[in-house]
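Read through the structure below, which is laid out as structure tokens, and then see the notes.
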Amino acid sequence: MVMGRGSATVVLVAFVLVVLSSEWADAATYTVGDNRGWTFNVAGWSRGKTFRAGDILVFNYASAAHNVVAVNKVGYQKCSTTPGNAKVFQTGKDSIRLARGQNFFICNIPGHCQSGMKVAITAT
């Protein structure tokens, strides 16, 4: 059987979709802070856990009192956000897919990050 260029492209696209969907199907879901949710003193919550790229973090919190901000390493260390390098989530039940490498999250309500409302995750 001889495949034309169009058929080969369709096969390649189908293969990529299968690989991606199987990777996402294997993704684990973690609730940050477990039963306590996204709250103060969760900075050490990730210790002892193994995360992979594509895993989902669920942040449960009172949306009127907190938020989740995806920041870079400097933002995490300084508990600060700067326009353009942070993505803010505010629903109270945010699901965030982990990227490969380091992932940093803080609450940027004044004083919250400084009280341990931040988490750093490394995904392999």
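The values are calculated or read from the model by the stated rules, or taken from the named source; none is laboratory data. Note that the coordinates shown come from a computational prediction; the quantities given were computed from them, not determined experimentally. Using ideal geometry, Cβ is built from the backbone for each residue, glycine included, and neighbour counts are taken over all protein chains shown.
Structural remarks
- Number of the condition not met by G101 [criteria: (1) surrounded by 14 or more Cβ atoms within 10 Å (Cβ to Cβ); (2) on the phi > 0 side of the Ramachandran plot; (3) within 13 Å of the chain's Cα centre (by Cα)]: (1)
- Filtered by the rule that a residue be surrounded by 18 or more Cβ atoms within 10 Å (Cβ to Cβ) and either in contact (Cβ under 8 Å) with a residue 40 or more places away in the chain or among the β-branched types (V, I, T) (or both), segment 62-78 gives H66, N67, V68, V69, V71, Y76.
- For segment 76-106, residues that are over 16 Å from S46 (Cα atoms) and either of a type in the set (K, R) or in a loop (DSSP other than H, G, I, E, B) (or both) total 14.
- Criterion (over 20 Å from T124 (Cβ atoms) and either modelled with pLDDT under 95 or out of contact with any helix residue (DSSP H, G or I) (no Cβ under 7 Å at 6 or more places or on another chain) (or both)) met by exactly one of G48, G75: G75
- If you go through segment 51-72 and pick out every residue that is outside any loop (DSSP other than H, G, I, E, B) and either over 16 Å from G101 (Cα atoms) or modelled with pLDDT under 95 (or both), you end up with 5.
Results for (1) charged (D, E, K, R); (2) more than 19 Å from L57 (Cα to Cα); (3) without any contact (Cβ under 8 Å) to a residue 40 or more places away in the chain, shown as yes or no for each residue.
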site: S80; (1), (2), (3): no, yes, yes
site: A86; (1), (2), (3): no, no, yes
site: G92; (1), (2), (3): no, no, yes
site: A99; (1), (2), (3): no, no, no
site: Q102; (1), (2), (3): no, no, yes
site: C107; (1), (2), (3): no, no, no
site: C113; (1), (2), (3): no, no, yes
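- Residues (surrounded by 12 or more Cβ atoms within 10 Å (Cβ to Cβ), outside any strand (DSSP E or B) and of a type outside the set (A, V, I, L, M, F, W, C)) located in segment 115-124: S115, G116
- Scanning segment 34-61 for residues that are among the polar types (S, T, N, Q) and surrounded by 14 or more Cβ atoms within 10 Å (Cβ to Cβ) gives T39, S46, N60.
- The residue that is nearest to Y61 (Cα to Cα), among those in segment 28-45 that are hydrophobic (A, V, I, L, M, F, W, C) and at pLDDT 95 or above, is W38.
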